[in-house]
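The values are calculated or read from the model by the stated rules, or taken from the named source; none is laboratory data. The shown structure was predicted, so the numbers you read here are calculated from the model rather than taken from an experiment. Note: ideal-geometry Cβ built from the backbone for every residue, glycine included; neighbour counts use all protein chains shown. All accessible areas refer to the heavy atoms of the entire protein, side chains included, with ligands and DNA or RNA removed. Shrake-Rupley method; radii C 1.70, N 1.55, O 1.52, S 1.80 Å.
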Amino acid sequence: MRKQFPVLSQCIYANTAASGLLYDGLLEWRQEHDLDFLIGGSRMKMKAMIEGIPEIRKRVGHFFNCKVENVALVPNFSLGLNMLLDGLDSKHRILLIESDYPSVNWPFEDRGFQVSYAKLDADLEANILEKVKSDDISVLALSIVQWVNGIQIDMDFLATLKKEFPNLLIIADGTQFCGMTDFDFEASPLDIMGTSAYKWLLAGYGNGFMFFKDGVEDRIALQSTGFNAANGNVDGKDNVRFAKRLEPGHLDTLNFGSLKFSLEFLNGIGMKTIERRLEVLSKKAKTAFTELGLLEESVVGRSSHSTIFNIKGDDALFQKFVENDVVCSQRGGGIRLSFHFYNTEAEIDAIVRILKTG
C-alpha cells in the first residue's frame with residue numbers, strides 16, 4: 001500500500017493534519033479525466049456533470065450513511081459553514097471551543113452571535129456540559145478533532161448531551177476526523193457535519209461536503225441559491241431543496257470525482273482496518289511522547305486520542321526534523337506530528353530517536 005505514495009520513500013510524512021497525500025491511483029484517474037475532457041470538450045463535461053455528480057453524491061452519502069437528499073457537495077468546509085450561518089437566526093446562543101480551528105469560530109464571532117467558550121483541556125466534555133447548562137446554549141459548534149493538539153470529542157458524550165438537550169443544534173467540523181474512523185452520520189448525535197476532504201480522506205483540494213439530519217431545514221433559512229441549485233431548470237427557482245442551496249454554482253467534476261475515487265480507495269482498504277491501524281499508532285505515539293514529557297496535560301489526561309500530537313519543541317527542534325526528513329508542522333507554540341494508515345510504528349520509533357538525541 002505504501003508504494004501508492006511515492007513521497008513516503010523520501011521522508012517520514014507526519015503531516016496529514018496539514019495535507020493528505022496524492023497517490024498513484026488517484027493521479028492516474030485524474031489524468032484520464034482530463035484527457036477525456038481534452039478530447040471530448042463540453043460533451044464530456046456535460047455528461048460528467050449530469051450523470052457523474054449525482055453518483056458522487058450517492059457515494060458520499062453511502063460512505064458515511066447520510067441520506068442522499070441531505071448531502072451537499074461544497075468546495076470546502078469554510079464556504080459551506082459561511083453559507084449555512086447566513087440562514088441561522090442571530091438570536092441563537094452559541095457555544096464554541098477555545099482555540100478551535102479559526103474557520104469554525106470566526107464565522108460565528110463575525111456575525112454578532114452571543115458566543116460562549118468551553119475550555120479545551122482534559123475535561124472538555126464536562127466543560128461543554130457546564131456551559132450548555134449555565135449559558136442557555138442553543139447551538140454547539142466544534143471540531144470533532146482539534147487541529148492543534150488532536151483532542152477528540154467523545155461522541156458518546158455528545159449523544160448523552162443531545163438526549164438531555166434535544167433542541168440543541170450540534171454543528172461539527174469533520175475535516176480532521178473523517179477518514180480516521182468508520183463513521184455513521186445518521187446514528188451520530190450530530191445535526192450538521194461539514195468536511196474538507198483534502199486531509200485524511202486523501203481526495204485532494206477543492207472538494208468537501210455538508211451533511212444534515214432531517215428537520216434542520218426547519219431551523220435554518222438558507223439564502224444562497226443559483227442555477228445549479230435548481231439543476232439547470234429555469235422554472236425551478238422556488239423548488240430548490242435545502243441541501244442543494246449550498247450548491248448554487250457548477251461543481252468541478254475533476255475535484256469531486258477525486259473525492260469519489262478516494263472514498264472507493266479507502267473502502268477497498270476497509271475503514272475498520274484503517275481505524276484499528278490508527279488506534280495502534282495513536283497508542284504507541286502517545287506512550288512514547290508522554291514518557292519523554294512532551295505532551296500537554298490536557299492530552300495525557302484523556303483516555304483516548306486521535307493520531308494528531310503537538311509536542312513541546314522550538315525552532316531548533318523543528319529544524320532538526322527538517323534535516324532528518326521528517327515532514328511536520330509548527331502549530332500552537334509546538335510541533336504537530338500527525339500519522340495516517342500509511343505511517344509505520346518504525347517511523348514513530350525513528351522520530352523518538354531524533355527526540356532523544358536532541
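Here are the numbers:
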{"quantity": "Those trypsin sites (Lys or Arg not before Pro) in segment 76-120 that DSSP places in a loop and that have at most 13 other beta carbons within 10 Å", "calculated": "Lys91"}
{"quantity": "Alpha carbon convex hull of segment 49-127, volume per residue in cubic angstrom", "calculated": "135 Å³"}
{"quantity": "Accessible area of segment 1-73 belonging to carbon and sulfur atoms, whole % at 1.4 Å probe", "calculated": "57 percent"}
{"quantity": "Cα centre as origin, Lys/Arg/Asp/Glu Cβ charges: the chain dipole, Debye", "calculated": "480 debye"}
{"quantity": "Pairwise centroid distance, computed over Cα atoms, of segment 235-252 with segment 274-315, Å", "calculated": "43 Å"}
{"quantity": "CD proxy at 222 nm, helix term only [per DSSP H run n ≥ 4: -39500 (n - 2.57); per residue of the chain; nearest 500]", "calculated": "-12000 deg cm²/dmol"}
{"quantity": "Segment 1-125 - charge dipole about Cα centre, Lys and Arg +1 at Cβ, Asp and Glu -1, debye rounded to 20", "calculated": "440 debye"}
{"quantity": "Mean accessible surface per residue for the chain, computed with a 1.4 Å probe while every protein chain stays in place, in Å²", "calculated": "45 Å²"}
{"quantity": "Portion, in percent, of the accessible area of segment 128-193 that falls on carbon or sulfur, probe 1.4 Å", "calculated": "47 percent"}
{"quantity": "Cα-based equivalent ellipsoid of segment 214-358: semi-axis lengths in Å, sorted from largest, via gyration tensor", "calculated": "44, 18, 17"}
{"quantity": "Calculated Rg and Dmax of the chain using C-alpha coordinates, Å", "calculated": "21.0, 69"}
{"quantity": "Size-normalised alpha-carbon gyration radius of segment 180-228, reference 2.2 N^0.38 Å", "calculated": "1.39"}
{"quantity": "Shape box of segment 132-262 [Cα atoms, principal axes, largest first, Å]", "calculated": "48, 34, 24"}
{"quantity": "Protein accessible area in segment 206-358, 1.4 Å probe - carbon and sulfur %", "calculated": "47 percent"}
